[in-house]
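Notes for the one structure printed next.
Throughout, read-outs are computed from the coordinates displayed, never taken from laboratory work. On a predicted model such as this, the values are computed, not experimentally measured, just so you know. In this analysis, Cβ positions are derived from the backbone assuming ideal geometry, glycine residues included, and neighbour counts consider all displayed protein chains.
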Amino acid sequence: MNNKPEWAKWEDQLAKDFGGDVQSGSGNVWNKKGDVKAGNKFLIEGKYTSKKSFSLTLKLWDKIYGEALDNFRLPMMGIKIQDAELVVLDKEDLISLLKNQCDKSH
């Protein structure tokens, strides 16, 4: 029987979806930044809520962005609002990823 809270189960799934590992203690250990390290590409911060909304502030994004760059990774937010699962990326990072993917396919 899995006694993990729903948010922890979702973080596990987020890590699995992006081929990464959950950072245990990410919220309370100074050197464990981000909730999920996905390969050598992304540092993912996960936010889970059963409420009807989640507020992404510039302060939170700047924190995540800085932590990702300190770890030589791209920042990503995984957000679950009730049944909706979303990801947030910086526009320039997404453009670069898409361009690189297109270049590899040609």
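Overview of results
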item	result
Dipole in debye (nearest 20) - the stretch 6-105, about Cα centre, beta carbon charges: Lys, Arg +1; Asp, Glu -1	100
Separation in nanometres of the label points that stand 7 Å from Cα toward Cβ, at residue 16 and residue 99	3.6
Alpha-carbon Rg/Rh ratio, for the chain, with Rh computed the Kirkwood way	0.98
Phi to ³J(HN,Hα) by Karplus 6.51 cos²θ - 1.76 cosθ + 1.60 over the stretch 81-86, Hz, x for Gly, Pro	10, 6, 9, 8, 10, 10
Extension gain (nm, one decimal) between residue 54 and residue 85, 0.36 nm per residue minus Cα-Cα	10.0 nm
Segments 52-64, 8-20 sorted - mean Cβ within 10 Å per residue, highest first	8-20, 52-64
